[in-house]
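Below: one structure in structure tokens.
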Amino acid sequence: MQSKMKESDPILEVDNLSASTDNLPILKGISLTVYPGEIHAIMGRNGCGKSTLSKIIAGHPSYNITNGDIKFLGENINSLEPEERSQSGIFLGFQYPIEIPGVSNLEFLRVSTNARRKFLNKEELDTFDFEELVKEKLEIVKMDHAFLSRSVNQGFSGGEKKRNEILQMALLEPKIAILDETDSGLDIDALRIVASGIKKISNAQTGIILITHYQRLLDEIKPNYVHVMSDGQIIKTGESDLALELEEKGYEWTDNFIKET
Amino acid sequence: MVNENLVKDVVKEPYKYGFVTDIETEKIEKGLNEDIIKLISQKKEEPQFLLDFRLKAFKKWQKMKEPDWAALGYKKIDYQDIIYYSAPKQKEKISSLDEVDPKLLETFDKLGIPLTEQKKLTNVAVDAVFDSVSIATTFREELAEHGVIFCSISEAVKNHADLIEKYLGTVVPASDNYFAALNSAVFSDGSFVYIPKGVTCPMDLSSYFRINSGDSGQFERTLIIAEELSSVSYLEGCTAPMFDTNTLHAAVVELIALDDASIKYSTVQNWYAGDEEGIGGIFNFVTKRGKCLGKRSKISWSQVETGSAITWKYPSCLLLGEESVGEFYSVALTNNLQQADTGTKMIHIGPKTKSTIVSKGISAGKSKNSYRGLVKMGRKATGSRNYSQCDSMLIGDQASANTFPYIKSQQPNSEIEHEASTCRISEDQLFYLQSRGIEFEEAVSMMVSGFCRDVFNQLPMEFAAEADKLLALKLEGSVG
């Protein structure tokens, strides 16, 4: 599908990736290449392996890669720790952001940002300089400063959690962001804020993978490619109109592709 | 896969105080009987009243039974197989620090407690206790200018016998419990503090307890008296070498606060905890109690308990004076096969008394960590209030945590509030932090520190930093 000539090197190459958890195969030969500036959408039924793919790219320890490779900026990252992947520029926006009681959001964001900055050989920020930076980024997601003094995600509403994820993305300035159902559980206003946030952060150098069930996010952020996943495989790839077709016809329509393949 | 091993590595504990000082010691023979007690008393040249106190306590102890109600399991202690007095050999009378054996000074140097004039800590006065005896106390003259007495309890027996006779055993009577009775019979040294009326102690006072020999027990006794309108902050630290046998430590601490006086007592306990298989380590059976005797007096306990194979400890407050205040802030970390049964007792006797309990238990490895606390409102404690918060954190899936709150109220016009929670550091939480570039060890230590914040905020500044470091160290390991 992605056969046209690209001017730059890919950011992410997933090559024939298979993975399992507790000896149960989840991914069965996934290939996906993301070039700078591209937006990819991954759609598919619950349980088809979308979230697993995102977690494996981020390095979740519960999954074993049984075959295939993940390359980031040309380097194989199969055995890198999650923190190394994050520091080098891979960002996973969680479907269900985790609550960390007792750890202040501000301190968490600062330590996280500094870990990335250290990797980039940038100066680490002290509390005061970080305050300045974070204030600026709060604008992007229209979050109140009071969020910073609370514990990480604790007591946040669904929408607040998702905005906090985008705030982290804004601070970390990743090369590639995989956003796992960032749109689910958001009302229309929150969806617009999140979508405009993603657009502000991304640029011609970054790649984005949107995992979603809904067209409405893709109305806001138009993908270059849409992939349909089923049972651990990508069964169809198309351009943005594939998502519209999918919305119209439902996933049952895609079941035919499996029979074909 | 689920990274249990990784968690295990991270909570692996490097104990850096495990060295033994090679020094000639004077030890008496093993065993416990009246003659041994007389011998200890004689060695310390004690007055008759103290020998009587000891012998009476011993008689009571013989009739008592070792308590078995705590959620602890350990090999029976053979009380006849312990040496009850062990002291480094040195000159009979030491007039200055220059005469202290350099090996001892070196030991305390290594422990981060320099004692010599040139190196001593500038803002804290230290009483250094080595096995059964106090080696040195710094800043005595400076403190004396303010009327503050800070010395070993042995010296206090000699020089301030009236105060000892008046207060010793008035907060923790010899018959209080098995280990208090044992301590009352054989205690060898400890610290004594007296803050006169109206004096705010000009610096923090601190005792550092070091167990060096493997076969002798340590039985120290601390007595702190704060007269009207006075205040003091007292810090206590403890370490011991690594032996594969268990050493018994049974201390008694008594605090007395008169009208408008306040005592803040902070402990960082890092006795040797035994190895990963649970071999060795200190058995720590301690009775700590404060009496808020005066109106508006205040006693505050804060403790960070990270060491010992067994911890049995309930720093408590007797709130007698009207409007007196008791506080207990505790962090107890257990790892490997450590067991801790710790908590507090807040006994509200006077009217309008107030107490606060904040306890944070962290269990890693296969350890057992229990909070046990009693809040009692007596008949006269009208308008009194208590707030308790007991939180437990589990690391890994083999550790256990328990909370045993006991509440007794004889006063309907009083309030008792109790909150408890248990959480586990989950793989998802760790992955979340890691996926934000935060390394595994730092992620664990961030979560533990966050969990303990309420208590660390109560510690004196330098102690808080030390406690944070100590927890991080205890949770540090060979990751990656």
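Considering only B:Leu235, B:Ala161, B:Ile77, whose Cα is most displaced toward the positive end of the charge dipole of the protein assembly as shown, charges sitting on Cβ of Lys, Arg (+1) and Asp, Glu (-1)?
Highest projection toward the positive end goes to B:Ala161.
How do B:Val148, B:Val331 rank when sorted from fewest to most other Cβ atoms within 10 Å of their own Cβ?
So the ranking, lowest neighbour count to highest, is B:Val148, B:Val331.
Exceeding 24 Å between C-alpha atoms, which entries from my cross-link table qualify? They are B:Lys110/B:Lys291; B:Lys75/B:Lys291; B:Lys63/B:Lys360; A:Lys137/A:Lys162; B:Lys354/B:Lys469; A:Lys175/A:Lys222.
B:Lys110/B:Lys291; B:Lys75/B:Lys291; B:Lys63/B:Lys360; B:Lys354/B:Lys469
When the Cα centres of region A:75-105 and region A:8-70 are compared, how far apart do they sit, in Å?
Between the Cα centres of region A:75-105 and region A:8-70 lies a distance of 15 Å.
Further question on the same structure: Relative contact order for region B:335-444 using alpha-carbon pairs under 8 Å, separation at least 6, rounded to a whole percent?
26 percent
Can you compute the charge dipole magnitude of the protein assembly as shown about its Cα centre, using +1 on each Lys and Arg Cβ and -1 on each Asp and Glu Cβ, nothing else charged? Give it in debye, rounded to the nearest 20.
Dipole size: approximately 2100 debye.
Still on this model: Just tell me how shielded B:364-372 is by partners: mean number of partner chain Cβ atoms within 10 Å of each residue's Cβ, no decimals.
0
With 10 angstrom as the radius, rank A:His145, B:His146 by how many other C-beta atoms surround their C-beta, starting from the fewest.
Fewest to most other Cβ atoms nearby, the residues stand as A:His145, B:His146.
Also, quick follow-up: In what order do A:Lys50, B:Lys264, B:Lys75 fall by count of nearby beta-carbon atoms within 10 Å, going from fewest to most?
Ranking A:Lys50, B:Lys264, B:Lys75 by Cβ neighbours within 10 Å, fewest first, gives B:Lys75, B:Lys264, A:Lys50.
So what is the orientation-averaged projected area of chain A, using the convex hull of its C-alpha atoms, in nm²?
Orientation-averaged projected area of the Cα hull: 14.1 nm².
I've got another one for you. What is the magnitude of the charge dipole of region B:17-80 about its Cα centre, with +1 placed on the Cβ of each Lys and Arg, -1 on the Cβ of each Asp and Glu, and no other charges, expressed in debye to the nearest 20?
Roughly 420 debye, rounded to the nearest 20.
Quick one, can you get me the convex hull of the C-alpha atoms of the protein assembly as shown expressed as volume per residue in Å³?
181 Å³
Just the Kirkwood number for chain B, please: inverse of mean 1/r across all distinct Cα pairs, in Å, one decimal.
22.7 Å
What are the ³J(HN,Hα) values, in whole Hz, obtained from phi via the Karplus relation 6.51 cos²θ - 1.76 cosθ + 1.60 with θ = phi - 60°, for each residue of region A:38-54 in sequence order, with x given for Gly and Pro?
8, 10, 10, 10, 10, 10, x, 4, 4, x, 7, x, 4, 5, 4, 4, 5
Which of the trypsin sites (Lys or Arg not before Pro) across region B:367-463 are loop residues per DSSP, with 10 or fewer other Cβ within 10 Å?
B:Arg379
Could you derive backbone 3J(HN,Hα) for region B:214-221 from the dihedral phi with the Karplus parameters 6.51, -1.76 and 1.60 (θ = phi - 60°), listing whole Hz in sequence and x where the residue is Gly or Pro?
Using θ = phi - 60°, the values come out as x, 10, 9, x, 10, 10, 9, 9 Hz.
May I pose another question? Which one, B:Leu55, B:Ser367, B:Ala250, is farthest towards the positive end of the dipole of region B:4-475 when Lys and Arg carry +1 and Asp and Glu -1 on their Cβ?
In region B:4-475, that residue is B:Leu55.
Shielding by partners for A:103-113, please: the mean number of other protein chain Cβ atoms within 10 Å of each residue's Cβ.
4
Quantify how strongly other chains surround peptide B:439-450 by giving the mean number of their Cβ atoms within 10 Å of each of its Cβ atoms.
Neighbouring Cβ atoms belonging to other protein chains average 4 per residue here.
Shifting gears a bit: Would you grab the residues whose amide H sits under 5 Å from the one on B:Arg424? Only those 5+ places off in sequence or on another chain, please, with H modelled 1.01 Å from N.
Result for B:Arg424 returns B:Leu394.
Follow-up question, since we're still on this one. List the trypsin sites (Lys or Arg not before Pro) in region B:192-250 that DSSP assigns to loop (not H, G, I, E or B) and whose Cβ has at most 15 other Cβ atoms within 10 Å. Which are they?
B:Lys197
Output the antiparallel fraction of DSSP beta bridges having both residues in the protein assembly as shown, as a percent to the nearest 5.
Expressed as a percentage, antiparallel bridges in the protein assembly as shown total about 20.
Can you compute the charge dipole magnitude of region B:206-342 about its Cα centre, using +1 on each Lys and Arg Cβ and -1 on each Asp and Glu Cβ, nothing else charged? Give it in debye, rounded to the nearest 20.
280 debye
Step through the table entries B:Lys298/B:Lys352; B:Lys295/B:Lys380; B:Lys60/B:Lys166, compare each Cα-Cα distance with 19 Å, and write down the pairs that go over it.
Flagged as over cut-off: B:Lys60/B:Lys166.
Counting helices only, and only those DSSP H runs with n ≥ 4, report the 222 nm mean residue ellipticity of chain A as the sum of -39,500 (n - 2.57) divided by its residues, in deg cm²/dmol to the nearest 500.
-11500 deg cm²/dmol
Using helices alone, what [θ] at 222 nm do you get for chain B, with -39,500 (n - 2.57) per DSSP H run of 4 or more residues, divided over all residues and rounded to the nearest 500?
-6500 deg cm²/dmol
Each value in this text was obtained by applying a stated rule to the coordinates, not by laboratory testing. Keep in mind the model is a prediction, meaning the values are calculated, not measured. Using ideal geometry, Cβ is built from the backbone for each residue, glycine included, and neighbour counts are taken over all protein chains shown.
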